[in-house]
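Peer 1: Pasting a structure below so you can have a look.
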Amino acid sequence: MSRVYPFDDAATARAVIDDDGTLVEWNEGARRLLGHPADDVVGRPAARLLAGDGPLPAPSGVRWQGTLGLRHRDGRTVSVWLLAHRRPARDGHGDGWLVVSPLTGGEPPAANDPLAVAGLIQSPCAVAVYDDELRLRQMNAAMTEISGLPEDRVRGLRLTEISSEPQGEELEQGLLQVLTTGRPLDVQTYVRTGGEERAHAWLARLAPVTDAEGRVRGVCLAAHDVTDIQRARQRLQLVNEASVRIGSTLDVTRTAQELADVCVPALADFVTIDLLDPQEYGGEPPAGITAPVNLRRVAHQSILRDIPEAVARPGQLDVYPDFSPQADSLTAGHTIRRTVAAGDMDQWLTWSRVRGERVREFGIHTSMSVPIQARGLTLGVAVLTRHRRPDPFTDDDMLLAEEITARAAVCIDNARRYSRERETALALQRSLLPRTLPRTAALDASSRYLPAARHGVGGDWFDVIPLSGMRVAMVVGDVVGHGIQASATMGRLRTAVRTLADIDLAPDELLTHLDDLVVRLSEESGGEGSPGEVGATCLYAVYDPVSRRCTLARAGHPPPVVLKPGGEPHQLDLPAGPPLGLGGLPFESAEVGLPEGTVLALYTDGLVVSRERAGDSGRQQLFQALRGYADSLDETCDHILQALLPPGGTNDDVALLLARTRGLAPSQVATWDIPADPALVAPVRKQVVDQLERWSLSEIGFTTELVVSELVTNAIRYGAHPIRLRLIHDAATLIVEVSDTSHTAPHLRRAKIFDEGGRGLLLVAQLTQRWGSRHTAEGKTIWAELSLLEEDQ
């Protein structure tokens, strides 16, 4: 069936002129206007139709309008108003001009013409006219339908008398402003009209009504329902806001709270975010969920202050049965809406008496449970409820909530994965660091390690290593870079330092061996032997409580800060030394005296760099913090970190080691010069026994005699003079040391049946807690430790 259009093509005079001024089209309306048939004008210049001899006007832009005198076929001149449009371009070129002129419709409609009144009465736009007293004079059918009141009954009433809504006063103020100023005004409002349950968004255009002399005689109000547009704009704005606000950090709790904050009050009056407990599932959400479900409250938000609707507090773990909204949506895998009026929540509210009381107290009437799902995993559920807003959740509300929750779910999953990986890395990092520092007679120590706020784990480490002769080593180091690789390298270096410290190398020699190790690690990581791929800094110090002197060496590391009793904090002047990993460059040691009670602060550069970036001197801040030193090293550590680190953490990890030196009294040390005659060993043993009696250690006299006899005899036979015997004791240990000038160290071996010797060191190893040898500048020292604790006897 062909479609019939009510158009008379001849009612408009229409012609087309190409770019060179030639007429290419001429319709029947143009023939009626000027009398020229199409065959006489098409293909000829359009300028021939002009009554004068002037050229055809050259319009600019895409449209032209004006009045021209045109030549009629009978020779007379016809004044015609023309409208010319530039035709759309084809293949990059213009397609001429379309010229039109109306032949009918120029006369205004008659008074009784229905088209004359259709603009007001039959207009789909709601229109009302108010007089100069702002009383209703007329309204059309659309306004009558919206108001729900007949026109003849409300004519003569003011707007505030027709509507009791507060927005009526706002509109009447707008009418008065237009009546007074004579200028139109647009007013946006959100009002319930005609007994509607839900308010609509309206755009009211207020315009003055004037008489023939231009005086304002009233106001015309035209109202447009823009509810759908307003809601679409609000939804788009809410989605955009969610994309900006949600996921600002990689913290699960913060991200969940951002989701709750976005939904209130734009979408709901009260929102709860509950996540599956990761500890129950080993850190990874399950593939399938069955009721009952254990959920942990992570965040909630309300339009009411202090969130009084909440039953669970953040961090609380609750069990949700299969008839709860939370469990239903999680097991179903999609959004579920419920209303109190429909009885959908009766069983749940009866089972949870406290929740039932809160629902009745605050008038909660509807809820919407949205599963939080990302990457095929269900992480938890968001429950949105309303009690202030009377309308239930619509399908559009559900789609909006699902879209926002889906965006938040990805952010929560990212934060969850990041937190899990970061906790794993931190666990590795802490496993490579000492859990507790050893208690020694040489010093008291306290430490702190803080990972970087952004990068997580790094390569900072510290250690306190007991050495022979009551001495103790302190080390602080920093591997370049962050992440698991830097942490693993740190673990290898810390193990190497402990191994090298166990053979009692001097600080500069230890750093030299450590430098060789870093070079090898760098070559392994570079793949082609390129040095410098792995780098580190290190500070190594050895303190002797007998001499109360400390020997230090550093490899590109910040020097320690020293606070002597009664003095001011200052930085030790140590040779810098190159960073580890450059290879082939020497390291130097320095020796300083440290009175008893001296505090040493060893740290990595992460402690002071943040202050230096802020324009302060990080070391001066450290000096200032140490001036407030208290007797507690733990309190001092906390005070230093609080004073030097910003509240949000630093971009680099931080290691801090504080040590307070002790000294052994001269009465705790006994020294003898040993003659070269083996026959004189017996008097030496007697002197040792007498010294043990003075120390009240007679119970270990026999064992000590055997150890002294063996070590001194070996030194006389195989060592070089002079030979010295030294005993050191504290509350837990007695140390026997025999020193000589020979650099040859003995080795423990198992003697054969017919060997005459070789059993001495084996006997020493059996009788003592530890034994060993260390090289000194003058030769070597053989030492053995005997425990004074009963459980170690």
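The values are calculated or read from the model by the stated rules, or taken from the named source; none is laboratory data. From a predicted model like this one, the values you see are computed outputs, not experimental measurements. FYI the Cβ positions are ideal-geometry reconstructions off the backbone, even for glycines, and counts take in every protein chain you see.
Peer 1: Could you tell me whether residue 406 is of a type in the set (A, V, I, L, M), surrounded by fewer than 18 Cβ atoms within 10 Å (Cβ to Cβ) and either modelled with pLDDT of 90 or more or closer than 30 Å to residue 781 by Cα (or both)?
Peer 2: Numbers: of a type in the set (A, V, I, L, M): yes; surrounded by fewer than 18 Cβ atoms within 10 Å (Cβ to Cβ): yes; either modelled with pLDDT of 90 or more or closer than 30 Å to residue 781 by Cα (or both): yes.
When the stated conditions are applied, residue 406 passes them.
Peer 1: Here's a follow-up. Somewhere in segment 480-489, is a residue within 30 Å of residue 548 (Cβ to Cβ) and either basic (Lys, Arg) or not assigned by TED's automatic domain parsing to the domain that holds residue 739 (or both)?
Peer 2: Restricting attention to segment 480-489, the residues satisfying the condition of being within 30 Å of residue 548 (Cβ to Cβ) are none.
Looking for residues that are within 30 Å of residue 548 (Cβ to Cβ) and either basic (Lys, Arg) or not assigned by TED's automatic domain parsing to the domain that holds residue 739 (or both), one finds none in segment 480-489, hence no.
Peer 1: Taking the condition of being within 25 Å of residue 437 (Cα to Cα) and in contact with a helix residue (DSSP H, G or I) (Cβ under 7 Å, 6 or more places away or on another chain), how many residues in segment 506-522 meet it? Walk me through it before giving the result.
Peer 2: We begin by selecting, within segment 506-522, every residue within 25 Å of residue 437 (Cα to Cα); these are 506-511, 513-514.
Now drop any that are not in contact with a helix residue (DSSP H, G or I) (Cβ under 7 Å, 6 or more places away or on another chain), which leaves 510, 513-514.
Of the residues in segment 506-522, 3 are within 25 Å of residue 437 (Cα to Cα) and in contact with a helix residue (DSSP H, G or I) (Cβ under 7 Å, 6 or more places away or on another chain).
Peer 1: Turning to a different aspect of this structure: Give me the residue from segment 203-227 that is touching a strand residue (DSSP E or B) at 6+ places or on another chain (Cβ under 8 Å) and of a type in the set (Lys, Arg) and, out of that set, nearest to residue 133 (Cα to Cα). Reasoning before the result, please.
Peer 2: Initial filter on segment 203-227 (touching a strand residue (DSSP E or B) at 6+ places or on another chain (Cβ under 8 Å)): 203-211, 216-227.
Pick out the ones that are also of a type in the set (Lys, Arg) and you get 205, 217.
Values: 205: 19, 217: 9 Å.
Restricting to residues being touching a strand residue (DSSP E or B) at 6+ places or on another chain (Cβ under 8 Å) and of a type in the set (Lys, Arg), the top hit is 217.
Peer 1: Taking only pairs six or more apart or across chains, which ones have beta-carbon atoms under 6 Å, a first residue in segment 17-34 that is in the same structural domain as residue 78 (by TED's automatic domain parsing), and a second residue that is surrounded by fewer than 16 Cβ atoms within 10 Å (Cβ to Cβ) and β-branched (Val, Ile, Thr)?
Peer 2: Listed by first residue and then by second, the contacts come to 18/24; 23/42; 26/42.
Peer 1: Whether any residue in segment 413-434 is acidic (Asp, Glu) and within 30 Å of residue 671 (Cβ to Cβ) is what I want to check.
Peer 2: Within segment 413-434, the subset acidic (Asp, Glu) is 413, 421, 423.
Adding the requirement that they be within 30 Å of residue 671 (Cβ to Cβ) leaves none.
No, because not a single residue in segment 413-434 is acidic (Asp, Glu) and within 30 Å of residue 671 (Cβ to Cβ).
Peer 1: Same structure, new question: Quick one: would you say residue 501 is under 19 Å from residue 574 (Cα atoms) and modelled with pLDDT of 90 or more?
Peer 2: Details: under 19 Å from residue 574 (Cα atoms): no; modelled with pLDDT of 90 or more: yes.
Against the criterion (under 19 Å from residue 574 (Cα atoms) and modelled with pLDDT of 90 or more), residue 501 does not qualify.
Peer 1: Kindly establish whether residue 244 is in the same structural domain as residue 397 (by TED's automatic domain parsing), touching a helix residue (DSSP H, G or I) at 6+ places or on another chain (Cβ under 7 Å) and assigned to a helix (DSSP H, G or I).
Peer 2: Values: in the same structural domain as residue 397 (by TED's automatic domain parsing): yes; touching a helix residue (DSSP H, G or I) at 6+ places or on another chain (Cβ under 7 Å): no; assigned to a helix (DSSP H, G or I): yes.
Considered against the rule, which asks whether it is in the same structural domain as residue 397 (by TED's automatic domain parsing), touching a helix residue (DSSP H, G or I) at 6+ places or on another chain (Cβ under 7 Å) and assigned to a helix (DSSP H, G or I), residue 244 comes out as no.
Peer 1: Out of 335, 253, I need the residue that is farther than 25 Å from residue 357 by Cβ, modelled with pLDDT of 95 or more and either surrounded by 13 or more Cβ atoms within 10 Å (Cβ to Cβ) or not basic (Lys, Arg) (or both). Which one? Please lay out each step first, then the result.
Peer 2: Numbers: 253 fails: modelled with pLDDT of 95 or more.
Of 335, 253, the one residue that is farther than 25 Å from residue 357 by Cβ, modelled with pLDDT of 95 or more and either surrounded by 13 or more Cβ atoms within 10 Å (Cβ to Cβ) or not basic (Lys, Arg) (or both) is 335.
Peer 1: If you don't mind, another one. Could you name every one of the strands (runs of 3 or more DSSP E) located completely within segment 537-653 that has at least 3 residues being polar (S, T, N, Q)?
Peer 2: Numbers: elements: 549-555, 561-563, 590-593, 599-603.
Per the criteria, no element qualifies.
Peer 1: Continuing with this model, one more query. Report, by residue number, each residue of segment 57-111 that is more than 17 Å from residue 25 (Cβ to Cβ), under 60 Å from the mean Cα position of the chain (by Cα) and at pLDDT below 75.
Peer 2: Once the filter is applied, which keeps residues that are more than 17 Å from residue 25 (Cβ to Cβ), under 60 Å from the mean Cα position of the chain (by Cα) and at pLDDT below 75, segment 57-111 yields 89, 91, 92, 93.
Peer 1: Looking for something over 49 Å from the mean Cα position of the chain (by Cα) and hydroxyl-bearing (Ser, Thr, Tyr) - is there at least one such residue anywhere in segment 180-195?
Peer 2: First pass over segment 180-195, keeping only residues over 49 Å from the mean Cα position of the chain (by Cα): 180-184, 194.
Those still in the list that are hydroxyl-bearing (Ser, Thr, Tyr) too: 180-181.
Yes: segment 180-195 contains one or more residues that are over 49 Å from the mean Cα position of the chain (by Cα) and hydroxyl-bearing (Ser, Thr, Tyr).
Peer 1: Looking only at residues in segment 606-637 that are among the acidic types (Asp, Glu) and modelled with pLDDT of 90 or more, which one is farthest from residue 538 (Cα to Cα)? It would help to see each step written out before you state the result.
Peer 2: Taking segment 606-637 as the starting set, the residues that turn out to be among the acidic types (Asp, Glu) are 612, 616, 631, 634-635.
Keeping just the survivors that are modelled with pLDDT of 90 or more gives 634-635.
Working: 634: 23, 635: 25 Å.
It comes out as 635.
Peer 1: Can you give me the number of residues within segment 213-231 that are over 42 Å from the mean Cα position of the chain (by Cα) and under 16 Å from residue 146 (Cβ atoms)? Working first, answer last.
Peer 2: The first filter runs over segment 213-231 and keeps only residues over 42 Å from the mean Cα position of the chain (by Cα), leaving 213-225.
Subsequent filtering for residues that are under 16 Å from residue 146 (Cβ atoms) retains 220-225.
Final tally of qualifying residues: 6.
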